[in-house]
Amino acid sequence: MTDPGWPAVLTHGAVTIRPLDRIDAKAWTEARRRSADWLHQWDATVPPGSAARPTTFAGLVRRLRRQAKRGATYPFAIEVDGRFAGQITVNNIVRGSAQFASIGYWIDVQFAGRGVMPLAVALVIDHCFTTARLHRIEVCIRPENINSLRVVEKLGIDEIGYAPRFLHIDGAWRDHRIFAITVEECHQGMLSRLGLSPE
């Protein structure tokens, strides 16, 4: 069965959300290198004894595409004025009686502080609630990650819990604050929470 949520291209103003692709290799690598000091403390890592993750961008894209074909993830690139600016991924998609997913994201430091990430998250959540027909979206954030916390604050996504040692981040199991929103809480769409209308 075809997943109604994937593939997709979402746009608003200068921001475009589209499937991550192998052609993004150079821009993705440059963005990660440029932003390494800023991002490394928030990056997921592989716990000791676990299967290794892909070590190349091409390997990452292949893994994400396989998961997307199974309807388990939507790996999106973020563009600003046609330039690669970061990544936003809908993870852990559960269908059946749950209709649930979580969202993770990162942005190139040179695009930070310009309102790109709140807009990207709003576009993706709106897509998840309408086209993909999911019911609940969760965002899990380390308590120290002020920039990510600001994104959910701007979007008015409520905190629902706290998960000790939730994810392996930057080499250790880290606590996370859990934020979530359901379609019933979002009648006007997430863009409206930023004072925007769909284009």
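Surface composition of segment 91-130: carbon and sulfur atoms hold 54% of the protein heavy-atom accessible area at a 1.4 Å probe. The slack in the chain from Val46 to Glu30, taken as 0.36 nm per residue of separation less the alpha-carbon distance, amounts to 3.5 nm. Taken as Cα centroids, segment 162-195 and segment 18-91 sit 19 Å apart, rounded to the nearest whole angstrom. Relative contact order of segment 10-194, taken over Cα pairs closer than 8 Å and 6 or more residues apart, is 22 percent. What shape does segment 37-153 have by the C-alpha gyration tensor, where a ≥ b ≥ c are the square roots of the eigenvalues, rounded means a/c under 1.5, and otherwise prolate means a/b greater than b/c and oblate the rest? Rounded.
Annotation: per residue accessible area for segment 61-199 equals 47 Å², rounded to a whole number [probe 1.4 Å, protein chains only].
Please give the length that would be gained between Asp81 and Glu144 if that part of the chain were fully extended, namely 0.36 nm times their separation in residues minus their C-alpha to C-alpha distance (nm, one decimal). Can you show the working numbers first?
Values: separation 63, 0.36 × 63 = 22.68 nm, distance 3.05 nm.
Result for the pair: 19.6 nm of gain on full extension.
Kirkwood hydrodynamic radius of the chain, from the reciprocal of the average inverse Cα-Cα distance over all distinct pairs: 17.2 Å. The slack between Leu167 and Lys154, meaning 0.36 nm per residue of separation minus the straight C-alpha distance, is 2.3 nm. A crude spin-label estimate for the pair Arg62 and Ser97, with each label 7 Å from Cα along the Cβ direction, gives 3.9 nm.
The values are calculated or read from the model by the stated rules, or taken from the named source; none is laboratory data. Since we're looking at a predicted model, the values are computed, not measured. Glycine also receives a Cβ, built like all others from the backbone with ideal geometry; neighbour counts cover every protein chain displayed. The area values use the complete protein model at the heavy-atom level, side chains included, leaving out ligands, DNA and RNA. Shrake-Rupley method; radii C 1.70, N 1.55, O 1.52, S 1.80 Å.
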